[in-house]
Amino acid sequence: MKITILQNSDESFFKTIQESLRWAESLYLGVAYASCSAFESLRDDFQAFLRNNGKLRALFDIEEFVTEKRVIEELATIPGDSECKVFITTKRNEASQGHYHPKFYLFHNKDRYRVIIGSSNFTLGGIKYNIECNLSVYGKLDALFHNLLNFFNDLWTAEHSINVLTHGNLLDVYQQAFKRRTKADESKARKLRKLREQVQITAGKIVQSQKLILNNEFAYLLGLLSANSKINFKKRGLTIDLYRGLANRGKPYEATIIIRTSAITKYHNMKRTKKMSSASAKVSIF
């Protein structure tokens, strides 16, 4: 069994899907949200998989109005052994049981399998651009594989999993609700845009300040620097005793800083308060 982390920053997630479609005989795709742009980016791979007698089963959520109607239709009608279902509760009180929200990609043939579980929905952001983290488990068919397959089959056969080909009117009703939800989201996004920009500006200033060599902590240490130093020629080191205010000399307001070459590598428990009038520190340079 081989376990790896898949991310979008190095394209390992996207490439692993492509590679798995080349050897797998079946793909069980249990994902909350899906977009047509994600499918289009992998259309050739899916078509080749199905031409090679691959079996595709996809189950998406439509309760949150994120999954696009077109991707459902594409996977339900693409030539080959492909079926697509949607998951939605039928009563308000059933929603309290929780929404359908997995991110589950199970590939397998007669000898081996790969399951990818993590944060990536089947959207273009999820499989290519967002900061995501997914775990891939690859190996020979074993008890874990059968548990995973049973997990998907339980969802696939659940009463709230509906085949869109036999109930096409559901997608028409969904599309109307989807459009209204999209308009509402656009209006909300416009209202939040200015607030988001304010947060981004503040965050940008923080990020920029962290890039400065003389940050607050280092500036404070430089402010402590004053005379009293000893050179140990045997150890080839320089020790500097730092004091700010003689009244607190010898008291427990101490810090230890070890400088190797030109970098400070340790800075332990400096006790500072607004009321503290002095501090002592010991700097050793090796």
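All of the numbers you see were taken from the coordinates with simple rules; none came from a lab. Computed from a predicted structure; not experimentally measured. Positions of Cβ are generated from backbone atoms using ideal geometry, with glycine treated the same way; all protein chains shown enter the neighbour counts.
Distance in nm between label sites at LEU165 and ILE78, each 7 Å beyond Cα in the beta-carbon direction?
Going from the LEU165 label point to the ILE78 one covers 1.4 nm.
With just the Cα atoms of the range 26-171, tell me how far they stretch along each of the three principal axes, in Å, largest first.
42, 33, 31
Taking K and R as +1 and D and E as -1, what net charge do the other residues with C-beta under 14 Å from the C-beta of CYS84 add up to?
-1
For every other residue with a beta carbon closer than 12 angstrom to the beta carbon of ASP142, add +1 if it is Lys or Arg and -1 if Asp or Glu, then tell me the sum.
Summing Lys/Arg as +1 and Asp/Glu as -1 gives +1.
With θ taken as phi - 60° and the coefficients 6.51, -1.76 and 1.60, list the Karplus ³J(HN,Hα) couplings across the range 31-48 in order, rounded to whole Hz; mark glycine and proline as x.
Once rounded to whole Hz, the list reads 9, 5, 10, 9, 10, 5, 5, 5, 4, 4, 5, 10, 4, 4, 5, 5, 5, 5.
What's the ranking of 119-126, 8-15 by average number of surrounding C-beta atoms within 10 Å, highest first?
Most protected by this proxy first, the peptides run 119-126, 8-15.
Highest first, please rank the peptides 18-31, 37-50 by the mean number of other Cβ atoms sitting within 10 Å of their residues.
Most protected by this proxy first, the peptides run 18-31, 37-50.
How much net charge surrounds TYR33 when only the other residues with a Cβ under 10 Å from the Cβ of TYR33 are counted, with Lys and Arg +1 and Asp and Glu -1?
The answer is -2.
Mind scanning LYS55/LYS110; LYS55/LYS103; LYS2/LYS85; LYS2/LYS110; LYS85/LYS110 and naming the pairs with a C-alpha gap bigger than 21 Å?
LYS2/LYS85; LYS85/LYS110
Which value, to two decimals, describes the C-alpha radius of gyration of the range 1-66 once divided by 2.2 N^0.38 Å?
1.20
Which shape class, rounded, prolate or oblate, goes with the range 85-156 when its Cα gyration tensor gives a ≥ b ≥ c as root eigenvalues, a/c under 1.5 marks rounded, and past that a/b bigger than b/c marks prolate?
oblate
Peptides 63-73, 168-178: what's the order by average Cβ count within 10 Å, highest mean first?
So the order, starting with the most tightly packed, is 63-73, 168-178.
Between ILE5 and THR157, what is the spin-label point distance in nm, taking each point 7 Å from the Cα along the Cα→C-beta axis?
So the two model labels end up 3.8 nm from each other.
Classify the range 138-182 as rounded, prolate or oblate from the Cα gyration tensor: take a ≥ b ≥ c as the square roots of its eigenvalues, call it rounded if a/c is under 1.5, otherwise prolate when a/b beats b/c and oblate if not.
prolate
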